[in-house]
Amino acid sequence: MFAPAELTQDRFLDGRLLVAQPRHGYRAAMDPVLLAAACPARPGQEVLELGCGAGVASLCLGWRVPGARLTGLELQPAYADLARRNAAANGIALTVVEGDLARMPADLRARSFDHVIANPPYFGAGTGTAAADAGREKAQREETALADWVRAGYRRLHPGGWLTMIQNADRLPDLLTALSQGGGSVVVLPIAPRVDRAAGRVIVQARKGGRGAFRLLAPLILHASPVHAADAEDLTNIAQDILRRGKDLRLDR
């Protein structure tokens, strides 16, 4: 488990959440906040996060949707413990189960959910340079295939439930192929850093058993300035609403 000296206290949603994260391990940034904003959960509905890490996405969702019933699955015990501690510190109910989504724990296999959310590792096995920190490497580099993340999500959903994922844009073809096996009504939101820049991330949402038409939405632009400004925040208004104020990012509108 992480000792206090190994942690930083980080502000999310403009300080509405204070989350402990490892100084040198996997550290959440804006991606889990965007993921949480895209989940169309309502109070009383059950939500499962696959690979919850320190709990940032689930906690952002719990802050925005009081009464949502949140469960996280996390492979690494130290991060699972941290997610529980963060939930308690922020007064948000979150049940965290330790286990591997490829060998789903029995208590989760017996349940189904209205929503499943996930931020799977972005980097394929055997690609790039390994991170120096083992926990960060496990969180960022794929050990379980992306298609298995999708299958695990679909299996845990009620019929008609929604699977919402955020992923690197270059993994979109793999993601769409996997989502077609058991789901439909797919919506893709590209996320671009600036106007006239290629999308680096995508949020993808699919419905278990859905038969609706595929939709490709206009991109979400994160920054208003054409170039990075080191001395000033330049988030667009919609990005500020999501990342600072905890507004939703509904893809079904």
| Mind checking whether some residue in region 70-86 is within 20 Å of G161 (Cα to Cα) and among the acidic types (D, E)? | no
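Yes/no per residue for (1) open to solvent by 20 Å² or more (accessible area, probe 1.4 Å); (2) within 21 Å of A37 (Cα to Cα):
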site: Q167; (1), (2): no, yes
site: V195; (1), (2): yes, no
site: G200; (1), (2): yes, yes
site: K208; (1), (2): yes, yes
site: T236; (1), (2): yes, yes
| request: Evaluate region 102-118: report whether one residue or more is over 15 Å from Y154 (Cα atoms), of a type in the set (D, E), modelled with pLDDT of 95 or more and surrounded by fewer than 18 Cβ atoms within 10 Å (Cβ to Cβ). | output: no
| message | Which numbered condition in (1) open to solvent by 40 Å² or more (accessible area, probe 1.4 Å); (2) touching a residue at least 24 places away in the same chain (Cβ under 8 Å); (3) out of contact with any helix residue (DSSP H, G or I) (no Cβ under 8 Å at 6 or more places or on another chain) is the only one that L75 fails? | response | (3)
| For L17: the one exception among (1) open to solvent by less than 10 Å² (accessible area, probe 1.4 Å); (2) closer than 22 Å to Q167 by Cα | (2)
| Taking only pairs six or more apart or across chains, which ones have beta-carbon atoms under 7 Å, a first residue in region 89-104 that is under 19 Å from E46 (Cβ atoms), and a second residue that is β-branched (V, I, T) and not in a strand (DSSP E or B)? | L101/T144
| said: Exactly one of these conditions fails for A152: (1) farther than 30 Å from R103 by Cβ; (2) assigned to a helix (DSSP H, G or I); (3) among the small types (G, A, S). Give me its number. | reply: (1)
| Per-region count, region 4-29, residues in a strand (DSSP E or B), small (G, A, S) and over 17 Å from D81 (Cβ atoms) | 0
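The values are calculated or read from the model by the stated rules, or taken from the named source; none is laboratory data. Just so it is clear, the structure is predicted and the values come from calculations on it, not from any experiment. Every residue, glycine as well, gets a Cβ built from its backbone with ideal geometry; the counts of neighbours run over all protein chains shown. Each accessible area value is taken on the protein alone, full model and side chains, heavy atoms only, with ligands, DNA and RNA left out. Shrake-Rupley method; radii C 1.70, N 1.55, O 1.52, S 1.80 Å.
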